[in-house]
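To keep things clear, I will list the structure first and then write my remarks on it.
The values are calculated or read from the model by the stated rules, or taken from the named source; none is laboratory data. Since the model is a prediction, treat every value here as computed from it, not as a measurement. Glycine gets a Cβ as well: all are built from the backbone with ideal geometry, and neighbour counts include every protein chain shown.
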Amino acid sequence: MAEAIVRVRDLYKSFTRGTESIDVLQNLSLDVAEAEFLSLMGPSGSGKTTLLNLIAGLDQPTAGTITVGDQEISSMSESELARWRTRNVGFVFQFYYLLPVMTAYENVELPLLLLQLTAAQRKRQVETALDLVGLSDRMSHRPGQLSGGQQQRVGIARAMVTDPTLIVADEPTGDLDSKSADEILNLMEILRAQLGKTIIMVTHDPKAAARAQRTLHLEKGKLVDDVMNAPQPMRV
Amino acid sequence: MYEQMATSGAPLSIDSAMPLLSLYSFFLMGLLIGAVCLVGIATLPLFFAIIYAISLILKALSNGGSLFFKIALLMFRGLLRSPLRTSLSYLALFVLTAVLACIYTVINFIGIVTTEKDSNFKVIVTEKYTIPSQMPPAYEQRVIDLLGELPKDLQPVNGADDVIAWSFVGGTTDPTNPRPENAIFMFCVDPLKITTMMDGLEKKDLTDSEYAEMQRLTALMKEDYKRIIVSKARLDKMNLKVGQKIKITSLFYKDIVFDFEIIGELPDAKYEGVGFCSREYLDRMLSSFSKSHNNEQHPLADKCVNLIWVRVPKKESYERLAAVVNDPKYFSGPAAKMETASAGIGSFLDAYKDIFFGMKFILCPAMVGIMSLVIANAISISVRERRGEMAVLKVLGFRPVHVMSLILSEAILIGFFAGFMSTFLCWWLLGNVKIQIAFLGAFFVPSIVMLYGTILGMAVAFVGSIGPALSARKIKVSDVFAKVA
């Protein structure tokens with residue numbers, strides 16, 4: 001197995017609701033290897049999205065450590081995490097979350113605005129990302145003018161435009177028909193295999209989960225199963 | 001009479017006209033706000049057109065890759081995404097800045113006319129206890145005589161030419177059916193003093209051509225006392241033209257009919273709605289009255305001077321002169337008083353001081369507060385609706401301060417446009433309508449109001465949006481996505 005790029009150790013996360021404390025993740029440890037495609041499954045409330053948010057630096061653990069690459073993100077401040085995310089993490093959401101007032105090109109360019117890049121560099125990276133997801137001809141379209149699958153592809157282009165080491169996806173196929181879902185999963189597979197991206201995907205769909213190399217099952221905040229999936233051919 | 005009231009110990013009752021006046025003021029304020037709302041709505045398409053045009057320009061500029069233009073584009077597009085909410089914020093700020101601009105203008109105007117000067121200022125002689133004053137013509141000469149008795153350095157620079165007596169003449173061309181369309185009000189004065197002693201008609205107040213024309217007209221009036229000059233607005237209202245001869249039956253001076261010849265118009269926006277006639281004509285008419293009425297004097301013959309204005313060079317001149325005029329030994333039938341023009345106007349406005357106080361210290365802060373709440377409400381809704389979007393920006397690496405700035409800048413942009421457009425329209429519309437307040441000259445909105453209004457609009461937008469912006473800043477990404485999931 002390749003060297004672990006994500007290392008989670010003794011992770012706890014609890015939320016307080018009123019006077020009640022709810023343990024969402026309990027004593028969880030896991031490693032994700034570089035260029036691995038990992039899926040997280042489990043029933044609602046099992047803590048898979050919470051785990052994803054913690055690994056992506058969107059939230060901070062109650063206890064335990066998370067290290068991505070050589071940086072321990074669990075001890076970073078909110079501003080440090082924001083800076084770290086820009087460079088190191090790409091996000092893909094179930095509902096795409098594209099800004100409706102911006103074109104596909106502008107949406108993909110958004111994360112680059114925070115980096116010290118020249119206009120030419122930004123242009124080249126955006127065009128490359130959109131080309132990779134097959135939307136070079138839809139650059140000037142706004143999200144409302146694109147289908148769900150196309151919007152999600154813009155979302156993927158936005159996630160990878162900064163060339164992050166890690167891509168996290170929360171139910172990326174949850175809002176799509178099976179054909180579009182296949183296209184998205186193929187794209188993710190390409191990102192992993194050809195560009196060496198590490199992908200962590202939360203899903204409820206066993207078929208989607210089976211497209212990953214490994215599937216982790218969570219229940220009540222604990223890791224209950226770790227399954228290596230059989231390699232599957234890319235469906236076109 | 002007032003002294004009697006003061007010493008009688010009788011309780012003072014509340015003036016029954018006050019509730020009516022208050023209601024009228026509220027009605028006027030409501031009317032003003034309603035009218036401003038309508039103007040604001042009418043300007044909405046222009047506002048959105050400007051925002052859209054700027055967006056296009058920014059889009060073109062941002063194609064060059066400039067980060068600044070890209071962020072600015074994001075702000076402008078944010079304004080276009082929810083036209084209803086943007087319109088609401090715009091209208092609230094538009095009404096606020098327009099009404100406050102009007103209030104500021106009124107208060108500023110009062111400030112200017114009631115500011116005391118130290119040198120070369122005008123003072124007024126009026127009756128002490130009666131409004132309007134009805135003083136004998138001899139009072140004018142008596143004041144001139146008193147001026148002559150002052151030490152040389154305290155005397156008016158131009159001697160008797162720095163004294164002017166006003167008589168008010170109101171009349172109609174149709175005495176059987178006097179109506180606003182056939183009535184006229186005139187200042188009856190020495191024609192040669194019109195361009196030296198009438199506020200707004202002096203050389204400093206007119207263009208060279210206007211001044212030259214006024215000089216020509218007043219010289220003609222002096223040549224023939226029947227000649228008059230009238231404002232264009234009044235001529236239009238009465239359907240009269242320059243060159244026409246008219247008969248005016250006086251409404252103030254019973255049984256006196258004037259034969260006037262209209263020889264010219266007053267300069268634009270000066271003494272709108274009124275005219276000027278020669279004192280000599282009124283004096284002659286009052287003198288001849290007795291001949292046709294069995295040697296009986298006209299009842300107003302000794303009461304025909306309504307105001308006397310004096311331009312004094314120094315404060316000391318005024319103080320010494322006022323001491324004599326205010327002394328009943330010298331001016332007793334009727335008793336007179338002398339006060340500075342600003343104090344005179346101030347006393348006249350004293351009756352309205354509660355209204356001005358209310359406008360300044362209750363209405364203005366209340367409006368600022370209410371409009372801030374309206375803005376806060378509109379921006380809060382916007383932030384609530386865009387929580388997902390804000391969360392995504394944070395996910396992509398935008399820091400909390402970026403998100404907060406985006407919300408604040410959108411609100412401030414609306415404040416800028418609403419503030420500028422409303423005050424610009426106030427300035428432009430009122431500048432062109434030229435509303436006249438009594439004899440104080442055309443009411444104008446100072447151009448500085450555009451700057452103040454714009455700053456006020458931006459400040460209120462800032463205050464109103466700071467709460468929602470802070471809440472946007474604190475949006476927790478994991479909470480937003482957890483709720484969506």
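Going through (1) at the interface with another protein chain (Cβ under 8 Å from one of its Cβ atoms); (2) in contact with a strand residue (DSSP E or B) (Cβ under 8 Å, 6 or more places away or on another chain); (3) over 13 Å from A:Ile167 (Cα atoms) one by one, A:Phe93 falls short only on (3). In summary, A:Ala56 fulfils each of the numbered conditions (1) surrounded by fewer than 23 Cβ atoms within 10 Å (Cβ to Cβ); (2) within 11 Å of another protein chain (Cβ to nearest Cβ); (3) within 14 Å of the chain's Cα centre (by Cα) with the single exception of condition (1).
Yes/no matrix, rows are residues, columns are (1) in contact with a Gly (Cβ under 7 Å, 6 or more places away or on another chain); (2) at pLDDT 80 or above; (3) in the same structural domain as B:Val383 (by TED's automatic domain parsing); (4) of a type in the set (D, E, K, R):
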position	(1), (2), (3), (4)
B:Ser62	no, no, yes, no
B:Ser89	no, yes, yes, no
B:Ala92	no, yes, yes, no
B:Val95	yes, yes, yes, no
B:Phe121	no, no, no, no
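The set of residues in segment A:118-145 that are within 14 Å of chain B (Cβ to nearest Cβ) and basic (Lys, Arg) comprises A:Arg122, A:Lys123, A:Arg124, A:Arg142. Would you pick out the residues in segment B:238-275 that are in contact (Cβ under 8 Å) with a residue 40 or more places away in the chain and of a type in the set (S, T, N, Q)? Passing the criteria: B:Asn239, B:Thr249, B:Ser250.
Just to be sure, is B:Ile263 in the same structural domain as B:Glu181 (by TED's automatic domain parsing) and over 29 Å from the mean Cα position of the chain (by Cα)? So B:Ile263 fits the description; yes.
B:Ile375: within 17 Å of B:Leu456 (Cα to Cα) and either more than 14 Å from chain A (Cβ to nearest Cβ) or in contact with a helix residue (DSSP H, G or I) (Cβ under 9 Å, 6 or more places away or on another chain) (or both), yes or no?
Criteria met by B:Ile375.
Taking segment B:237-315 as the region of interest, the strands (runs of 3 or more DSSP E) fully inside it that hold 2 or more residues being under 16 Å from B:Phe185 (Cβ atoms) and polar (S, T, N, Q) are B:245-250. The requirement of being more than 8 Å from every other protein chain (Cβ to nearest Cβ), in contact with a helix residue (DSSP H, G or I) (Cβ under 7 Å, 6 or more places away or on another chain) and either closer than 24 Å to A:Met188 by Cα or crowded, with 20+ Cβ neighbours inside 10 Å (or both) is satisfied by A:Pro61. Residues in segment B:458-477 that are of a type in the set (Gly, Ala, Ser) and within 30 Å of B:Val392 (Cβ to Cβ): B:Ala461, B:Gly464, B:Ser465, B:Gly467, B:Ala469, B:Ser471, B:Ala472.
Go over the candidates B:Leu73, B:Leu84, B:Leu79, B:Leu67 one by one and state the one that is within 14 Å of chain A (Cβ to nearest Cβ) and surrounded by fewer than 19 Cβ atoms within 10 Å (Cβ to Cβ).
Unique residue meeting the criteria: B:Leu67.
Please verify whether B:Asp199 is under 20 Å from B:Asn306 (Cα atoms), exposed (fewer than 13 other Cβ atoms within 10 Å of the Cβ), in the same structural domain as B:Ala160 (by TED's automatic domain parsing) and not hydroxyl-bearing (Ser, Thr, Tyr), treating the condition exactly as stated. Taking the combined requirement at face value, the residue does not satisfy it. Of everything in segment B:72-96, what is assigned to a helix (DSSP H, G or I), over 23 Å from B:Tyr452 (Cα atoms) and either of a type in the set (Ser, Thr, Tyr) or in contact (Cβ under 8 Å) with a residue 24 or more places away in the chain (or both)? Give them in sequence order. Listed by number, the residues that qualify are B:Leu74, B:Met75, B:Phe76, B:Gly78, B:Leu79, B:Leu80, B:Pro83, B:Arg85.
Scanning segment B:385-403 for residues that are farther than 10 Å from B:Ile475 by Cα and in a helix (DSSP H, G or I) returns B:Glu385, B:Glu389, B:Val392, B:Leu393, B:Val395, B:Val401, B:His402.
Does at least one position in segment A:136-159 carry a residue that is farther than 22 Å from A:Thr49 by Cβ, of a type outside the set (D, E, K, R) and under 13 Å from the mean Cα position of the chain (by Cα)? Yes, that holds for at least one residue.
Give the residue that is nearest to the other protein chains (Cβ to nearest Cβ), with candidates limited to residues of segment A:99-113 that are more than 17 Å from A:Ser136 (Cβ to Cβ) and of a type outside the set (A, V, I, L, M). Filtering segment A:99-113 for residues that are more than 17 Å from A:Ser136 (Cβ to Cβ) and of a type outside the set (A, V, I, L, M), the one nearest to the other protein chains (Cβ to nearest Cβ) comes out as A:Pro111.
Screening segment A:146-180 for residues that are away from chain B (no Cβ under 14 Å) and touching a Lys or Arg at 6+ places or on another chain (Cβ under 8 Å) and picking the one that is farthest from A:Ala120 (Cα to Cα) gives A:Gly149.
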